[in-house]
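*Asks:* One structure follows; several queries about it will come next.
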Amino acid sequence: MLGSATLDTLAHDLRFSLRTLTRNPGFTCVAVLTIALGIGANSAMFSVVQGIILAPLPFPEPDRLVFLWQNRPGVPQLEASYPNFKDWERTSRSFNSMSGIAFHNFDLTSPGKAEHLTGIRGSSAFLATLGVKPALGRDIAASDDVVNAPPVALISDRLWRERFSTDPRAVGGSVVLDGKSYTVAGVLPAGFHFLADADVFTPLRPDMPAIYGERSVDAIGVLARLKPGMTMGQAAAEMSAVQSDLDRRYPDANRGVGIVITSLKQQIVGDVKGTVLLLFGAVSLVLLIACANVASLLLARSTARAREFGIRAALGASRGRVVRQLLTESTVLSLVGGALGIAVAWFGLRALLLVLPYNLPRSANIGLHLPVLVFSILTSLSAGILFGLAPALHSARAPVQDTLQKASRGATSGSNASLRRLVMLQFALTLVLMTGAGLLLRSIRNLWHVNPGFDTQHVVSFKVGLSPSFTRTPAGTRETYQQLLTRIRQVPGVEVDDITNMVPLDGGDNSGPFWIGTAQPASLQEAPHALYFWTGPDYLKTMGIPLLQGRFFTPADQVASGKVVVIDSVLAETFFPGQNPVGQTLTVGHWGAARVVGVVGHVRHWGLDDLGTYNPRQIYIPVYQLPDYMVTDFFRNLTILVRTTLPPAAVMPGIRDVVYGSSPDQPVYGIKTMDEVVSESMESRNLPIILLSTFAVLALLLASIGIYGVVSYSVMRRTPEIGIRMALGANKGQIFRLVVRQAIWMAGAGLVIGILASIALVRLLPSFSHLLYGVGQSDPFTLLGVSTVLLIAAVLACYVPARRAMRIDPMDCLRTE
């Protein structure tokens, strides 16, 4: 424990520090505001790190929750087939429980008005695996998860409140989903969230034969809870042996298939973790610049107080006593700045939440919680020691006699050298941040000029939950869509429309195996894979995709006619080099052999920056040729695309009238223009661009203030020298150039260091380099542009001190000397 003498000394230091800082309000305000900006930016960014990465998942023992995935050569992560999942569940010994899950959209028509809902189909162990119990009622039982069992559902707390007014009797009641009545088995706890804001949870049971009946159809995710003491490595080794046995027993579907195990948190956070940590590293550079800035101020101030320190040392004060006093002053500054920084972080966080991507995982956890406040306090203390240590040691090392003599004449050369190094550091770090922001801005500019392979203008997409009364039979479902498209085409402003199972750039995946000819390969997983686009005959016109060879589909391509497909240019060039693919036979897995009737341009489906490294081949299949057993499962998720001559906002009311005129229980949802789809596909880049640009501007401001302060201080201390130069004949222009040259030299040295550092960092940080597109990691134009901006900022920052130096009266200086 601290003794009373130590406490008295500390109290004395604090009182003296407060008196000293209040006697210099200008210096104190600048230092406090500088450190507040650095601490505030870091606290706001740490709240993102805490909420997304560090905060534990809201489940019991979350570190034991894992996801199991299949993989195959070239594809690192795939969902599992339902039969494989059942074999894993039956034979594995590494897990307490295992559950298959699949997202499934529902159209609710009772009670209340029609509404489209996000749902999850999960096997009976789903909630038990997570360690969650219903707030009301019961969980889904194993007897519910079998074919032909009475339909049951769990509903969310939101649905319970809005549709049942929190009536406990909702349990045992019913909801009508997709035209089928489900008994409400229970209500989930308020705030329950798993990967998405789902409102309905139903049994997974294999009543969708087109999806769950095939061992080679990858359709479900697999969640599991490790047994106590079991590691993911041990579980992976066991599951590899299980999968090897399945490969041996079912070679046509499982040959070449492997097993991957990831933690649930890793699966939720995904690639966002690297981006968030990258941005936190960037904002830490801003704090370093702020610390260097305040250190410059303190160093200049301590040099001006050299006489005071010399007298104190002459009166018996030890070097340690002087260091402690100065560190106390810097710590007081940093704590006051940190307190103000928390307010800055609060406002900054509110602005940050407005620009966060809508699909950023765990964003609800972001806020100024206790861990963030503790981080702010610790960072403030550390910053106070960091920026106060160099000035304190510099003042304590100076000999007493030299200090008293030099204090009367001017600054020491050592302090000037330290100030110059601090300015170089600020400019080097600022260049790193500005280079990163510049590279990202050039990347996003390049992406906006990429041709996605279709015309994004004047196209709107949406979905319709068809009334169950129209979809009782496959033939009725087909006819309903055809009639709906015909009526929509008559709406004023609609030019052409059609349906598709996937919209380019929206992240959907419907891939599967194919092969040339009719001879099936030994393993479907090792066969080449392509994206399947199920579309109608007017899809190309609606999307503006060019037809390169042959024809596209016609209304005659129906289920009773011969099977036809259209392939994209990538598939044609890969598998029919130097040949005409039109007329060739191509077999689509799970559908059958078809004749190639046309070739169309390639569409960038996975993103504007997708260079075709993942599943680039594309096959178009007539949606009206889907066999009856596939219609129920596939038609319910179709998207309607409309090309208009009017703005979407002007044409959508007429389209809604057509849909609701057919039946009032048909919700229209998911309305987006293709421009919005393209923009959303680049949302993962928006956050790093906005934040890194903000940090770069803040760093530029701090660096400019830093060089202004150093040059102003230098002019003040060199006043006698400047006066003598002018007395000896130097004109005002020469004095101006003398001051500006000093600033440019410091900035230039910092820029050289910063260029080398930025080139190295971009190459060493894959989480940053993967955000670049169409621009080199050491792009000379970006480096040149950023360096030019920084040099201009340095010249502008020293303009006022240089003008002040020009006005020095040499006679006044000589009389002072």
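The values are calculated or read from the model by the stated rules, or taken from the named source; none is laboratory data. Note that the coordinates shown come from a computational prediction; the quantities given were computed from them, not determined experimentally. Don't worry about glycine lacking a Cβ; one is built from the backbone with ideal geometry, like all the others, and counts go over all protein chains shown. Heads up: the accessible areas ignore ligands, DNA and RNA and are worked out on the full protein's heavy atoms, side chains in. Shrake-Rupley method; radii C 1.70, N 1.55, O 1.52, S 1.80 Å.
*Asks:* So, in region 606-629, how many residues would count as being more than 15 Å from residue 475 (Cα to Cα), modelled with pLDDT under 85 and either aromatic (Phe, Trp, Tyr) or in a helix (DSSP H, G or I) (or both)?
*Replies:* 1
*Asks:* Here's a check for you: in region 525-557, which residue that is within 16 Å of residue 485 (Cβ to Cβ) and open to solvent by 60 Å² or more (accessible area, probe 1.4 Å) is nearest to the chain's Cα centre (by Cα)?
*Replies:* Among residues in region 525-557 that are within 16 Å of residue 485 (Cβ to Cβ) and open to solvent by 60 Å² or more (accessible area, probe 1.4 Å), the one nearest to the chain's Cα centre (by Cα) is 541.
*Asks:* Separate question: So if I check each of 597, 565, 588, which one is out of contact with any Leu (no Cβ under 9 Å at 6 or more places or on another chain), closer than 22 Å to residue 504 by Cβ and surrounded by 20 or more Cβ atoms within 10 Å (Cβ to Cβ)?
*Replies:* Numbers: 565 fails: out of contact with any Leu (no Cβ under 9 Å at 6 or more places or on another chain); 588 fails: surrounded by 20 or more Cβ atoms within 10 Å (Cβ to Cβ).
After applying the criteria, what remains is 597.
*Asks:* Another question, then. Quick check on this structure: which one of 198, 235 is in contact (Cβ under 8 Å) with a residue 40 or more places away in the chain, part of a helix (DSSP H, G or I) and either surrounded by 19 or more Cβ atoms within 10 Å (Cβ to Cβ) or out of contact with any strand residue (DSSP E or B) (no Cβ under 6 Å at 6 or more places or on another chain) (or both)? Steps first, answer last, please.
*Replies:* Working: 198 fails: part of a helix (DSSP H, G or I).
Criteria check complete, one pass: 235.
*Asks:* Mind listing whichever residues of region 80-107 are assigned to a loop (DSSP other than H, G, I, E, B) and crowded, with 18+ Cβ neighbours inside 10 Å?
*Replies:* Pass one, region 80-107, residues assigned to a loop (DSSP other than H, G, I, E, B): 81, 92-94.
Scanning region 80-107 gives 81, 94.
*Asks:* Still on this model: Looking at (1) part of a helix (DSSP H, G or I); (2) surrounded by 15 or more Cβ atoms within 10 Å (Cβ to Cβ), which one does residue 351 not meet, given that it meets all the others?
*Replies:* (2)
*Asks:* For residues in region 777-792 being crowded, with 20+ Cβ neighbours inside 10 Å and among the aliphatic types (A, V, I, L, M), which is farthest from the chain's Cα centre (by Cα)?
*Replies:* This residue is 790.
*Asks:* Is it the case that some residue within region 630-642 is of a type in the set (S, T, N, Q), at pLDDT below 85 and open to solvent by 60 Å² or more (accessible area, probe 1.4 Å)?
*Replies:* Pass one, region 630-642, residues of a type in the set (S, T, N, Q): 632, 637, 639.
Next, only the ones that are at pLDDT below 85 stay: 632, 637.
With the extra rule that they be open to solvent by 60 Å² or more (accessible area, probe 1.4 Å), the set shrinks to 632.
Looking for residues that are of a type in the set (S, T, N, Q), at pLDDT below 85 and open to solvent by 60 Å² or more (accessible area, probe 1.4 Å), one finds at least one in region 630-642, hence yes.
*Asks:* Out of contact with any Ser or Thr (no Cβ under 8 Å at 6 or more places or on another chain) and either assigned to a strand (DSSP E or B) or closer than 30 Å to residue 351 by Cα (or both): is that true of residue 43 in this structure?
*Replies:* Working: out of contact with any Ser or Thr (no Cβ under 8 Å at 6 or more places or on another chain): no; either assigned to a strand (DSSP E or B) or closer than 30 Å to residue 351 by Cα (or both): yes.
Criteria not met by residue 43.
*Asks:* All but one of (1) more than 24 Å from the chain's Cα centre (by Cα); (2) not in a loop (DSSP other than H, G, I, E, B) hold for residue 49; which doesn't?
*Replies:* (1)
*Asks:* Could you identify the single residue in 675, 665 that is touching a residue at least 24 places away in the same chain (Cβ under 8 Å), part of a helix (DSSP H, G or I), over 26 Å from residue 78 (Cα atoms) and out of contact with any Cys (no Cβ under 6 Å at 6 or more places or on another chain)? Let's see the steps before the verdict.
*Replies:* Working: 665 fails: part of a helix (DSSP H, G or I).
Only one candidate qualifies: 675.
*Asks:* Give the residue that is most open to solvent (accessible area, probe 1.4 Å), with candidates limited to residues of region 132-167 that are in a helix (DSSP H, G or I) and within 19 Å of residue 194 (Cα to Cα).
*Replies:* To start, the set of residues in region 132-167 that are in a helix (DSSP H, G or I) comprises 142-144, 157-164.
If we keep only those that are within 19 Å of residue 194 (Cα to Cα) too, we end up with 157-160.
Details: 157: 27, 158: 80, 159: 3, 160: 33 Å².
Restricting to residues being in a helix (DSSP H, G or I) and within 19 Å of residue 194 (Cα to Cα), the top hit is 158.
*Asks:* Out of (1) more than 20 Å from residue 798 (Cα to Cα); (2) open to solvent by less than 10 Å² (accessible area, probe 1.4 Å); (3) in a helix (DSSP H, G or I), what's the single condition that is false for residue 750?
*Replies:* (1)
*Asks:* Is it true that some residue in region 701-716 is buried (at least 19 other Cβ atoms within 10 Å of the Cβ), within 21 Å of residue 500 (Cβ to Cβ) and among the polar types (S, T, N, Q)?
*Replies:* Checked against the condition, which is being buried (at least 19 other Cβ atoms within 10 Å of the Cβ), within 21 Å of residue 500 (Cβ to Cβ) and among the polar types (S, T, N, Q), region 701-716 yields no hits at all.
*Asks:* Which one of these is closer than 30 Å to residue 494 by Cα and either out of contact with any strand residue (DSSP E or B) (no Cβ under 6 Å at 6 or more places or on another chain) or open to solvent by 20 Å² or more (accessible area, probe 1.4 Å) (or both): 427, 454?
*Replies:* Result of the check over 427, 454: 454.
*Asks:* Shifting gears a bit: Can residue 518 be described as assigned to a helix (DSSP H, G or I) and either surrounded by 15 or more Cβ atoms within 10 Å (Cβ to Cβ) or out of contact with any helix residue (DSSP H, G or I) (no Cβ under 9 Å at 6 or more places or on another chain) (or both)?
*Replies:* Numbers: assigned to a helix (DSSP H, G or I): no; either surrounded by 15 or more Cβ atoms within 10 Å (Cβ to Cβ) or out of contact with any helix residue (DSSP H, G or I) (no Cβ under 9 Å at 6 or more places or on another chain) (or both): yes.
In short, no.
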